[in-house]
Amino acid sequence: MNASPPDTQATAGAVATAAPDGAPEAMDAAEGEADRPVTPREAVSVLIAAALKPKAVKAFAKSWSIRLTALAVGVLIWQWATAINFNYFINFENIPSPVKVWTAFVAHVQSTEFYIHIAVSMQRIFIGYMSAVGLGILLGLVIGRSRLARDVISPYIEILRPIPAVAWIPLAILMWPTEESSIIYITFLGALFPIILNTAHGAELTPDVLIRAAKSLGANRREIFWHVVIPAALPSITAGLAIGMGVSWFSLLAGEIISGQYGIGYFTWNAYSLINYPDIVVGMLMIGGLGTLSTYAVRLATRPLLSWQRRSR
Amino acid sequence: MIANIINLSRDKDASAAAVQAGKNLSSEGKGHVTIEDVSVVFGAGADAHTAVESTQLEVQPGEFLCILGPSGCGKSTLLNSVAGFVQPSSGTVAVDGAPVTGPGPERGMVFQQYSLMPWKTVRDNVAFGPLLAGQSKSEAQSIAYTFLNMVGLTRFAKHYPAELSGGMQQRVGIARALANYPSVLLMDEPFGALDAQTRLMMQENLLRIWEDFGTTVMFVTHDVDEAVFLADRVVIMSAAPGRIIDDFRVDIPRPRTTDITTDDTYIQLKRRCMDRIRSESLRAFEQQNH
Ligand SMILES: Nc1ncnc2c1ncn2[C@@H]1O[C@H](COP(=O)(O)OP(=O)(O)O)[C@@H](O)[C@H]1O
Ligand SMILES: [Mg+2]
């Protein structure tokens, strides 16, 4: 961990803002630094350090081998449970086995349509997420620094935030001109709340002494906002961006129920309608995997913004 | 690090430009602080608490003034009224005839807490003031290097504050305040969090910079040794409500080094401070018991 002075630790616990049943997202926030992504450059420098510091590499390799082993063990248990038709309180009799899911996956990977599903979903997520980033950071900063804004906006956030994405489907269809915009709206909503809340949290925590220092150096309100409030909130904002990306994928399926043709959420929903169990699991795991990758990409992209945090004595 | 401080603070050529500018300020007689009958009351009604009571204080251009007093007696409050962070409930504060209405770069502030922007490099922290004052980026950076040189930290220009020790961060804080060529330098227990050894070096370093730069300094401390060692003049504040109870000159020749701590004048003045503070604490103690 970094050893920054106590008054600059704006990072302090990102607000967990996932949808109520979005427990996996809440965990993202708690993991914090320990689980930040590794850039290729870092991987190289870890390898270089190997010669000098075999300990660091060992720890790195150990951590990853534990993760992969844990996943492998999970798959094996799944395979075993389906193979013996495990049925004791939890019923695995009709659950497709990992082998069946893998076979279905391999078949899909060879079809062009599968890639269209993925591309369409990614485009929706991208547009919805980017809109949420813009609006969320803006609203979050305003809420964090203005009492009036907070009193006006936060009741809306508090009431709207617990509403699950599925519940929005009818209104989204009524409100937006096209099917596509309704779907994007739902992914947008998912990302919006975590971003607003984390940004507001970070902006509230701006150390007072830094604002006073900036004032005595001659900064006006705008300059204080730009040079002090925003950078101080960055650790929290970036945490919100990562969580928001996860929740955006979390909401995707609900949005794509509206869609009549494409999207990985639609693919999953369609498999459900056709009672094609292996495909359902393929769709679920695709959403999980793409969500993880996108979150990782967000973390990588926002890392340079926090380089000052990692450098310490 | 020790060698670093001594070396670079004597490297006068390199900081000649800054020194010249500083001299200009003091030769124009700038940095004249007048505190007229200032009271600061926090809270209202039954909760009202007088932190500073009808205080009168004049600081001459180029003077090094120490405000000495026990914790909680209102030293920071008085200094903050000069900095512009606190509005006096009555009375006026003026610097060079201009009433203080808020913080400003002509009154440089060095805080007790670490107050560098953690996301700016050491250089960019120091360049921040000049940049805000409208200097170009390259001008601001060259000013930053001049002042980092003065505090002996050019080597750390590209580092982030978290990579520096507490003492180094405070030196950057001093460089940052000076980079605006302030007519008054306000320092609120800037070395309070440092260990004794580092504190001594910081004090010597500060005196050298001030002797070169010649700006008015108002330095708050609760440490008697520190006050007598640094100051041209010491004012002692008493607690609850805070007011000035003693005001005397320290006629010890400069440049001063730690050797003066065995000097007779130094010891006498130190005793005077301690007696004054002790009798005042006793009085306060007895007042509380009646
Ligand atoms: N912003 C504030 N609001 C209320 N009371 C304050 C405030 N700042 C200081 N005080 C009170 O004023 C008194 C003097 O404080 P301060 O000037 O910080 O003392 P010192 O710097 O000498 O330790 C203390 O009793 C403190 O609690
Ligand atoms: Mg104080």
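Looking only at the stretch B:51-60, residues that are open to solvent by 50 Å² or more (accessible area, probe 1.4 Å) and within 12 Å of ligand 1 (Cβ to nearest atom) come to 1 in all. Quick one: would you say B:Gln87 is among the polar types (S, T, N, Q), more than 14 Å from A:Val209 (Cβ to Cβ) and within 12 Å of another protein chain (Cβ to nearest Cβ)? Spelling it out, it is not the case that B:Gln87 is among the polar types (S, T, N, Q), more than 14 Å from A:Val209 (Cβ to Cβ) and within 12 Å of another protein chain (Cβ to nearest Cβ). Considering the stretch A:93-117, the residues that are over 15 Å from A:Ile280 (Cα atoms) and in a loop (DSSP other than H, G, I, E, B) include one that is modelled with the lowest pLDDT, namely A:Glu93. Residues in the stretch B:102-121 that are over 20 Å from the mean Cα position of the chain (by Cα) and not charged (D, E, K, R): 3 in all.
Which strands (runs of 3 or more DSSP E) does the stretch B:61-130 wholly contain that include 3 or more residues that are within 14 Å of ligand 1 (Cβ to nearest atom)? Please lay out each step first, then the result.
Working: elements: B:64-68, B:90-95, B:107-110.
Passing ranges, in order: B:64-68.
Being of a type in the set (D, E, K, R), in contact (Cβ under 8 Å) with a residue 24 or more places away in the chain and under 30 Å from B:Asn180 (Cα atoms) narrows it down to one of A:Glu223, A:Glu256, A:Glu204, so name that one.
Details: A:Glu223 fails: in contact (Cβ under 8 Å) with a residue 24 or more places away in the chain; A:Glu256 fails: under 30 Å from B:Asn180 (Cα atoms).
Only one candidate qualifies: A:Glu204.
Consider the stretch B:67-101 and keep the residues that are on the phi > 0 side of the Ramachandran plot and more than 16 Å from ligand 2 (Cβ to nearest atom). The one that is surrounded by the fewest Cβ atoms within 10 Å (Cβ to Cβ) is B:Gly97. Can you tell me which residue in the stretch A:288-297 is farthest from the other protein chains (Cβ to nearest Cβ), limited to those that are open to solvent by less than 30 Å² (accessible area, probe 1.4 Å) and touching a residue at least 60 places away in the same chain (Cβ under 8 Å)? Among those that are open to solvent by less than 30 Å² (accessible area, probe 1.4 Å) and touching a residue at least 60 places away in the same chain (Cβ under 8 Å), it is A:Leu290. Answer yes if at least one residue in the stretch A:126-136 is at pLDDT 95 or above, farther than 25 Å from A:Thr292 by Cα and open to solvent by 10 Å² or more (accessible area, probe 1.4 Å), and no otherwise. The answer is no, given that none of the residues of the stretch A:126-136 is at pLDDT 95 or above, farther than 25 Å from A:Thr292 by Cα and open to solvent by 10 Å² or more (accessible area, probe 1.4 Å).
With the requirement that a residue be in a helix (DSSP H, G or I) and surrounded by 17 or more Cβ atoms within 10 Å (Cβ to Cβ), what does the stretch A:151-168 give you? Walk me through it before giving the result.
To start, the set of residues in the stretch A:151-168 that are in a helix (DSSP H, G or I) comprises A:151-160, A:165-168.
If the condition is that a residue be in a helix (DSSP H, G or I) and surrounded by 17 or more Cβ atoms within 10 Å (Cβ to Cβ), then A:Ile153, A:Ile157, A:Ala165, A:Trp168 are the ones that fit.
Reported count of residues in the stretch B:216-231, each being open to solvent by less than 10 Å² (accessible area, probe 1.4 Å) and more than 16 Å from ligand 2 (Cβ to nearest atom), is 6. Going residue by residue through the stretch A:191-203, is there one that turns out to be of a type outside the set (D, E, K, R), open to solvent by less than 10 Å² (accessible area, probe 1.4 Å), under 25 Å from B:Val110 (Cβ atoms) and in contact with a Pro (Cβ under 9 Å, 6 or more places away or on another chain)? There is no residue in the stretch A:191-203 that is of a type outside the set (D, E, K, R), open to solvent by less than 10 Å² (accessible area, probe 1.4 Å), under 25 Å from B:Val110 (Cβ atoms) and in contact with a Pro (Cβ under 9 Å, 6 or more places away or on another chain).
Each row is one residue, and each column tells you yes or no for (1) in a loop (DSSP other than H, G, I, E, B); (2) away from every other protein chain (no Cβ under 14 Å).
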residue: B:Glu139; (1), (2): no, yes
residue: B:Ala144; (1), (2): no, no
residue: B:Ala162; (1), (2): no, no
residue: B:Arg171; (1), (2): no, yes
residue: B:Ala175; (1), (2): no, no
residue: B:Tyr181; (1), (2): yes, no
residue: B:Leu200; (1), (2): no, yes
residue: B:Phe219; (1), (2): no, yes
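Suppose we filter B:Thr121, B:Thr92 for residues that are of a type in the set (Ser, Thr, Tyr) and more than 14 Å from every other protein chain (Cβ to nearest Cβ); which single one remains? One residue alone meets the criteria, B:Thr92.
For the structure I just gave you, tell me whether B:Arg249 is in contact (Cβ under 8 Å) with a residue 40 or more places away in the chain, open to solvent by 20 Å² or more (accessible area, probe 1.4 Å) and under 26 Å from B:Lys30 (Cα atoms).
Numbers: in contact (Cβ under 8 Å) with a residue 40 or more places away in the chain: no; open to solvent by 20 Å² or more (accessible area, probe 1.4 Å): yes; under 26 Å from B:Lys30 (Cα atoms): yes.
In short, no.
Annotation: A:Leu234 fulfils all but one of (1) in contact with a Gly (Cβ under 8 Å, 6 or more places away or on another chain); (2) under 20 Å from B:Trp119 (Cα atoms); (3) open to solvent by 60 Å² or more (accessible area, probe 1.4 Å); the unmet one is (3).
Okay, residues lined up against (1) within 16 Å of ligand 2 (Cβ to nearest atom); (2) farther than 30 Å from B:Val126 by Cα; (3) aliphatic (A, V, I, L, M); (4) open to solvent by 40 Å² or more (accessible area, probe 1.4 Å):
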| residue | (1), (2), (3), (4) |
| --- | --- |
| B:Leu194 | yes, no, yes, no |
| B:Met237 | yes, yes, yes, no |
| B:Arg254 | no, no, no, yes |
| B:Arg272 | no, yes, no, yes |
| B:Ser279 | no, yes, no, yes |
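The values are calculated or read from the model by the stated rules, or taken from the named source; none is laboratory data. Fair warning: this is a prediction, and the values are worked out from it, not measured in the lab. Note that we place each Cβ from the backbone using ideal geometry, even for glycine, and neighbour counts take in every protein chain shown. Ligands, DNA and RNA are excluded from the accessible area calculation, which covers all protein heavy atoms including side chains. Shrake-Rupley method; radii C 1.70, N 1.55, O 1.52, S 1.80 Å.
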